[in-house]
Each structure stands twice: as structure tokens, then as C-alpha cells.
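The values are calculated or read from the model by the stated rules, or taken from the named source; none is laboratory data. None of the values given here were measured: they were computed from a predicted structure. Counting neighbours? That spans all protein chains shown, and the Cβs are built from the backbone with ideal geometry, glycine included.
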């Protein structure tokens, strides 16, 4: 038989009903994906193309547990984090397709690519809760940058 306790700190198993009532995890992600392209034909055999793409997201995470649990800090925890990530991609391609003679054809492609990745993450963590139930009063989905 497994002994379940909500007050001990050894190999105790936290009561799942207590966990449901006293801990919370949330994640909210806003994401945008987009791209565009332009093309210009200099003549019937030479073409220049430009493509640009963006993939960006902001992710807001929270975790909290009231004091009194045996899983995690005994005096409770509140942890929040915000992650921001963006990828900009640019392609420039020059392509040629020219018949030099009736039996000889030239096909060529010359291109360049530029990619910029940015990432940032910040957050906080606090333990040592003085008042039971503080975790339930914080609403994190409204923390928009």
C-alpha cells in the first residue's frame, strides 16, 4: 500500500486532488507567418526574383503551485516566462535560360540568401509564498509585450 501525504517531504506522493486544486500551468502563443515574392523579366531569357519570409512568435508561460504541496518547493512557487523568436529570410535569384545554337542551350542560376534569427527569453520565479492562494490571483494571458 502506498501512503499519500500532503505534509511530508520524503518519498511522499502528492495527492492528485490537491494538485488539481492548487497548481496551474498555462501557455499562450501568438504566431505570425508570411511571405512575398517579386519577379522581373529583363528579356525572354533572363529573370530576377526576390523572396522574403517572416516567421515570428511570442510565447507566454506560467506555472504556479500554492504552499503545502510535497512536489516542488514546500512554500509554493510562481514561475513566468516570455519567449520571443523571429526569423527573417531573404532570397535573390538571377536565372538565365538561353539557346546559344540550335543544339546548345545555356541554363544558369545565381543566388544569394540572407537569414536573421532573433531570440529572447525572460522571466521570473518566486518561492516562499507568505499567503495561501496568491497563485490564483495572477492572470498571465494578458501580459502582451
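For segment 37-66, which positions are assigned to a loop (DSSP other than H, G, I, E, B) and out of contact with any helix residue (DSSP H, G or I) (no Cβ under 9 Å at 6 or more places or on another chain)? Of everything in segment 37-66, those that are assigned to a loop (DSSP other than H, G, I, E, B) and out of contact with any helix residue (DSSP H, G or I) (no Cβ under 9 Å at 6 or more places or on another chain) turn out to be 42, 43, 44, 45. All conditions but one from (1) touching a residue at least 40 places away in the same chain (Cβ under 8 Å); (2) within 30 Å of residue 108 (Cβ to Cβ); (3) surrounded by 14 or more Cβ atoms within 10 Å (Cβ to Cβ) apply to residue 70; the one that does not is (2).
Selection of segment 109-130 for residues being outside any strand (DSSP E or B) and in contact (Cβ under 8 Å) with a residue 40 or more places away in the chain yields 128, 129. Among the conditions (1) at pLDDT 95 or above; (2) surrounded by 14 or more Cβ atoms within 10 Å (Cβ to Cβ), residue 63 misses just one, which is (1).
Can you go through 134, 93, 83 and tell me which one is surrounded by 11 or more Cβ atoms within 10 Å (Cβ to Cβ) and at pLDDT below 95?
Of the residues listed, the single one that is surrounded by 11 or more Cβ atoms within 10 Å (Cβ to Cβ) and at pLDDT below 95 is 134.
All conditions in (1) assigned to a loop (DSSP other than H, G, I, E, B); (2) within 24 Å of the chain's Cα centre (by Cα) hold for residue 102, with the sole exception of (2).
Among the residues that make up segment 78-90, is at least one of them under 20 Å from residue 122 (Cα atoms) and over 20 Å from the mean Cα position of the chain (by Cα)?
Yes - at least one qualifying residue is present in segment 78-90.
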